[in-house]
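This report concerns only the one structure given below.
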Amino acid sequence: MRKVIITAAVTGSRPTKEMNPAVPYTPKEIAEAAVECWRAGAAIAHIHVRDPQSGHPEFKIELFQEVKDQIQQQCDIIINLTTSGLRLSGTNVIEQRLKPAALRPDICSLDIGSLNFQDKTFMNPPEWGEIAAKKMREYGVKPEIEVFDIGHIYQAIDYIERDLFDNPPYFQLCMGTKWGIEGTPENLLFMQRKLPPNAIWSVLGVGKVQLSMITMGVVLGGHIRVGFEDNIYLKKGVLAKSNAQMVKMAVNLVNHLQCKVATTDEARDILGIRH
Ligand code: ZN
């Protein structure tokens with residue numbers, strides 16, 4: 001049976017406790033959510049950090065370090081740190097955004113698109129993608145190439161042709177983000193067909209398209225992502241009680257579709273990352 005990797009994106013930068021009281025803010029809450037997701041079947045934890053009091057998106061390296069340490073003390077889930085770097089300013093934004101990679105997690109997300117639309121519209125500086133890809137390689141971190149629209153795939157292919165990414169490339173198809181490609185079956189099929197043949201890919205759907213996108217992702221041979229970063233509802237009008245509850249839903253889905261959930265070791269093998 002095919003193995004499907006489940007990623008849990010436990011907090012992101014947009015949802016608040018006002019929207020769903022189970023959204024984690026403090027390093028302890030974020031780490032606990034990741035460990036619970038691992039117990040439920042997630043192989044990868046995608047991590048953002050928050051200001052512990054206000055819950056505003058933060059980018060302090062000490063917070064990333066604390067979350068990473070706390071998770072690693074409790075389980076072997078694959079750690080994926082964001083480099084989205086919202087709310088950063090100054091002249092060395094690129095350097096600041098790459099600080100999580102210096103912690104040498106297994107994976108860092110890399111939005112190569114010239115525009116990132118997930119939370120707030122801002123320009124990726126033109127040199128960002130190349131510098132980030134080189135730094136991640138230097139640190140031995142696998143880039144998770146996040147693509148929000150079809151052009152970003154063409155851009156990633158250009159990077160692959162210029163040997164900026166190691167094989168196999170690992171893509172996250174982000175469907176239904178604001179100003180990004182709409183989360184429809186036609187669009188997911190279109191995106192998937194444009195990927196390089198050896199790509200490992202995962203899909204996420206924002207809000208109400210989450211279930212349809214991950215279902216189709218499993219059917220098409222991909223991997224899937226769930227969690228509060230993408231969606232805080234279990235179903236229409238019903239808030240999820242925890243990130244782990246969403247992972248359990250994803251595990252059931254994978255099993256119903258005659259696939260198996262990948263363990264962390266199996267996910268490392270699939271992605272070609274060190275044990
Ligand atoms: Zn993220």
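Compute the FRET efficiency between Glu138 and Lys236 as 1/(1 + (r/R0)^6), taking r as their Cβ-Cβ distance and R0 = 30 Å, and round to the nearest 0.05. All intermediate terms of the calculation are to be shown ahead of the outcome.
Working: r = 46 Å, r/R0 = 1.52.
Once the sixth-power term is evaluated, E becomes 0.10.
Compute the convex hull volume of the Cα atoms of segment 3-271, divide it by the residue count, and report the result per residue in Å³ as a whole number. It would help to have the intermediate numbers written out before the result.
Details: hull volume 30.4 nm³, N = 269.
Taking only Cα atoms, segment 3-271 has a hull volume of 113 Å³ per residue.
Collect residues whose amide H, placed 1.01 Å from N in the peptide plane, falls under 5 Å from the amide H of Glu146; neighbours closer than 5 in sequence don't count.
Under 5 Å from the amide H of Glu146 lie the amide H atoms of Leu110, Asp111, Ile112, Gln172, each far enough along the sequence or on another chain.
Loop-only check: which chymotrypsin sites (Phe, Trp or Tyr not before Pro) in segment 197-238 are DSSP coil with at most 16 other Cβ within 10 angstrom? The partial results should precede the final answer.
Working: sites: Trp201, Phe228, Tyr233; in loops: Phe228.
Answer by residue number: there is no such site.
Tell me, what ³J(HN,Hα) does each residue in segment 186-199 have, in order and in whole Hz, if you take phi through Karplus 6.51 cos²θ - 1.76 cosθ + 1.60 with θ = phi - 60° and put x for Gly and Pro?
4, 5, 5, 4, 4, 4, 4, 6, 8, 6, x, x, 8, 5
Which value in deg cm²/dmol, rounded to the nearest 500, describes the helix-derived mean residue ellipticity at 222 nm for the chain, given -39,500 (n - 2.57) per DSSP H run of n ≥ 4 and division by the residue count? Each step should come with its number before you reach the end.
On the way: 10 runs with 103 residues, N = 275.
Taking each H run of at least 4 residues, the total per residue is -11000 deg cm²/dmol.
Counting DSSP beta bridges in the chain, what percent are antiparallel, to the nearest 5? Write down the numbers at each step before the final one.
Numbers: 6 of 37 bridges.
Roughly 15 percent of the DSSP beta bridges within the chain come out antiparallel.
Near Lys134, which aspartates and glutamates are there with a Cα under 15 Å away, not counting those fewer than 8 places off in the same chain?
Glu95, Asp111, Glu144, Asp158, Glu161, Asp163, Asp166
If each residue of separation counts as 0.36 nm, what is the full-extension length gain between Val93 and Thr184 once their alpha-carbon separation is subtracted? Walk me through the intermediate numbers first.
On the way: separation 91, 0.36 × 91 = 32.76 nm, distance 3.41 nm.
Result for the pair: 29.4 nm of gain on full extension.
What are the aspartates and glutamates whose alpha-carbon lies under 12 Å from the alpha-carbon of Lys194, with same-chain residues fewer than 8 places away excluded?
The reachable aspartates and glutamates, counting only those whose Cα sits under 12 Å from Lys194, are Asp149.
Where q = 0.17 Å⁻¹, what log10 of I(q)/I(0) comes from the Debye formula for segment 168-267, counting one point per Cα?
One equal scatterer on each Cα of segment 168-267 leads to -0.76.
Leaving out same-chain residues fewer than 8 places away, which lysines sit with a Cα under 30 Å from that of Lys241?
Lys3, Lys17, Lys28, Lys60, Lys68, Lys120, Lys178, Lys208, Lys260
Read-outs: derived from the displayed coordinates by stated rules, not from any lab. Keep in mind it's a predicted model, so treat the numbers as computed, not measured. All Cβ positions, even for glycine, are placed from backbone atoms using ideal geometry, and neighbour counts span all protein chains on display.
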